[in-house]
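Inspection log for the structure reproduced underneath, given as structure tokens.
No value in this document is a laboratory result; all are computed from the given coordinates. The structure displayed is predicted, hence computed values, not measured ones. Glycine also receives a Cβ, built like all others from the backbone with ideal geometry; neighbour counts cover every protein chain displayed.
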Amino acid sequence: MFMETIMMKRFELSELIRSDNFIDGKWVTAASGKRFAVTDPATGKVIAQVADSGYADARAATDAAARAFPAWRDALPKDRAAVLHCWHALIVENADALGRLISLEQGKPFAEGRGEVMYGASYVAWFAEEATRIYGDIIPQQQRGKRMSAIKEPVGIVAAITPWNFPLAMIARKIAPALAAGCTVVGKPAEDTPLTALALMILAHEAGVPAGALNLISASRENAQAAVADWLEDGRVRKITFTGSTPVGKYLARESAGTLKKLSLELGGNAPFIVFDDADLDAAVAGLMASKFRNGGQTCVCPNRVYVQSSVYDRFAALLTKRVAALKVAPATDPEAQIGPMINARAVEKIERHVNDAIRHGARALTGGKRLSELGANYYAPTVLADATPDMQLSCEETFGPVVPLFRFNDEAQAVRAANDTPFGLASYFYSQDARRIDRVSRLLEAGIVGINEGAISSEAAPFGGVKESGYEREGSKYGLDDYLSIKYLCQGNLA
Ligand code: NAP
């Protein structure tokens, strides 16, 4: 309904930087009047002082979402779809500025920032189309005079809480299915990267998302728990969709149990990447480079443990080390940058702790293994560690940085056992050219996602999510809308 009439508006980067909360279609300060600084991880310079929200702001957002819900729920699916299509078009139109904003607050090189914009936008387009395909069922008649059917309805208000590593894609792929289903949304992005999410609100408003249907508040890390607490307790919020760490996911599940909300939890990973001796080693190196070094290794699906069969271990290590040593580390403003700064000081400290622990336990740095202090406080050299073993911290925890530990294995059973020896189960990868092995190993790996001779696995058309302590439910694909819908059974009697 809107697409044909709205001229696609292109914004300057400065016009996309907002520092207030977006509630009920308006930009408002936090009730406390407090603010916190958002900084550029490349330089430490302050980009903006944004609202530091708390309980009252979360409540105001829920009130607005509750008021907006009946009309949005009752809007024709094709009208909700039209708004989402328009939002998608505006995101694409502003991809350069949004990509620069992502680079600025998150640190990833511009090409990756822009790539994230297009990736996030693809979910908006996908769910715009899915909005018009929310079918129910007519149940075959069981008794004369009685008809039964099942229809799908939006669950209600959805609270979306997102991490810093993909400031646009993570929130877009929650808001889009929620709005498509007819839900209204309250959201909170991460402390480090609220600006891209706030910029999305400008475009959503421009696209015709009605006041109150989409609300976003920012909060400092110190206030994150207080800001979200109201949503956990408020019975009007019917669903929490969260992407982030496993401990916070468990906390949200526990604390929201009082009002028995639906939950989608996209949590931490500890992805194995297995290279069998029958693999195409060049393809395996290329796949590992693509999946490991995206966003400087700060992705939930990036390989954290690389298992290489003994007979090809040295050859694979040499091929990989050559590629890793050639990666260009630089601020996002450098057009040749392939790896930017890590998100903050805590992230670099964790990487350093993992690498030092591995070296203490006998690992050898084939390249890297140190900070790049000459570039700034948050830079770490892309690193390959040989002789990794299960007693090292990096074998059981996400390092979330540009570090590849190479573990050695002798046979398939040993590799699968090691790969599954973790409480997590998000992504996994293996390289092999043996059809029977491919069939076997893909069934045996305990993970929500398996990349087979492929390192780039994400797509809006595919179900994304984990098993075990990596969470539950799926984002994207035809399954991604189900979590925002509840099924209502209608039973009509006394018919002729
Ligand atoms: P995080 O610390 O769990 O934070 C995620 C979000 O939760 C942020 O908005 C954060 O706010 C908020 N938060 C933190 N503590 C909270 C609390 N007690 N109550 C309410 N909200 C709270 O995770 P992160 O460090 O930002 O992100 C990295 C993690 O996300 C990794 O484990 C990664 O694997 C995971 N991840 C998973 C997926 C997936 O699809 N499975 C995708 C991307 C990332 P603050 O920023 O203010 O702390």
* In nanometres, what is the gap between the two model label sites at ARG315 and THR259, each 7 Å from Cα along Cα-to-Cβ? -> 5.9 nm
* With r as the distance between the Cβ atoms of GLN492 and GLU12 and R0 = 51 Å, compute the FRET efficiency 1/(1 + (r/R0)^6) and round to 0.05. => 0.35
* Structure fact -> Computed about the Cα centre, the charge dipole of the chain from +1 Lys/Arg and -1 Asp/Glu charges at the Cβ has a magnitude in debye, to the nearest 20, of 880 debye
* Asked: Principal axis lengths of the chain from Cα atoms, whole Å, largest first?
  -> 74, 60, 43
* Structure fact -> Per the helix-only model, the chain has a calculated mean residue ellipticity at 222 nm (DSSP H runs of ≥4, -39500 (n - 2.57) each, divided over all residues, rounded to the nearest 500) of -12000 deg cm²/dmol
* P(r) of the stretch 80-206 in 5 Å steps, Cα pairs, percent per bin? -> 2, 11, 19, 20, 16, 10, 6, 5, 4, 3, 2, 1, 1, 0
* For LYS152, list the aspartates and glutamates whose Cα falls under 17 Å from its own Cα; do not include residues on the same chain fewer than 8 positions away. => ASP74, GLU129, GLU130, ASP137, ASP482, ASP483
* **Interatomic Cα distance distribution for the stretch 338-496, bins of 10 angstrom, percent** => 9, 27, 31, 19, 7, 3, 2, 1, 0
* Asked: For the modelled label position 7 Å from the Cα of GLN143 along Cα-to-Cβ, which residues of the stretch 459-496 have backbone nitrogen atoms closer than 12 Å?
  -> 491-495
* **Cβ-placed point charges (K, R +1; D, E -1), dipole of the stretch 359-496 about Cα centre in debye, nearest 20** => 180 debye
* To do: Provide the packing ranking of 439-445, 470-476, i.e. peptides ordered by the mean count of other C-beta atoms within 10 Å per residue, highest first.
  => 470-476, 439-445
* To do: Name the residue farthest towards the positive end of the dipole of the chain from the options PHE110, PHE407, GLY235, assuming +1 on Cβ of Lys and Arg, -1 on Cβ of Asp and Glu, about the Cα centre.
  => GLY235
* With +1 on each Lys and Arg Cβ and -1 on each Asp and Glu Cβ, and nothing else charged, work out how big the dipole of the stretch 65-136 is about its Cα centre, in Debye to the nearest 20. => 200 debye
* Could you list log10 I(q)/I(0) for the stretch 411-496 at q = 0.16, 0.18 Å⁻¹, which the Debye formula gives when each Cα is one point scatterer? -> -0.71, -0.85
* Relative to the longest principal Cα axis of the chain, at what angle does helix 281-293 sit, 0 to 90 degrees, rounded to 10? -> 50 degrees
* Asked: Radius of gyration and Dmax for the stretch 289-371's Cα atoms, expressed in Å?
  -> 13.7, 42
* Structure fact -> Here, ALA211 and ALA229, labelled 7 Å along Cα→Cβ, have an inter-label distance in nm of 3.0 nm
* **Rg and Dmax [Cα atoms of the stretch 143-228; Å; Rg one decimal, Dmax integer]** => 16.6, 62
* **For the stretch 384-459, projected area of the alpha-carbon convex hull averaged over all directions, nm²** => 5.7 nm²
* Determine, for each peptide in 92-104, 182-194, 69-81, the mean count of other beta carbons within 10 angstrom over its residues, then list the peptides with the highest first. => 182-194, 92-104, 69-81
* Asked: Over the chain, what is the mean sequence separation of C-alpha contacts under 8 Å (at least six apart), divided by residue count, expressed as relative contact order in percent?
  -> 18 percent
* How much length, in nm to one decimal, is gained on full extension between GLU153 and ARG133, taken as 0.36 nm per residue of separation minus their Cα-Cα distance? -> 5.9 nm
* **Extension gain from ARG221 to ASP278, taking 0.36 nm per residue of separation minus the Cα-Cα distance** => 15.8 nm
* Structure fact -> the stretch 186-242: relative contact order from alpha carbon pairs under 8 Å, six or more residues apart, as a whole percent, is 43 percent
* Asked: What pairs from LYS174/LYS292; LYS45/LYS478; LYS174/LYS468; LYS108/LYS261; LYS261/LYS350 go past 32 Å between their alpha carbons?
  -> LYS45/LYS478; LYS108/LYS261; LYS261/LYS350
* Asked: Could you put PHE400, PHE166 in order, starting from the residue whose Cβ has the fewest other Cβ atoms within 10 Å?
  -> PHE400, PHE166
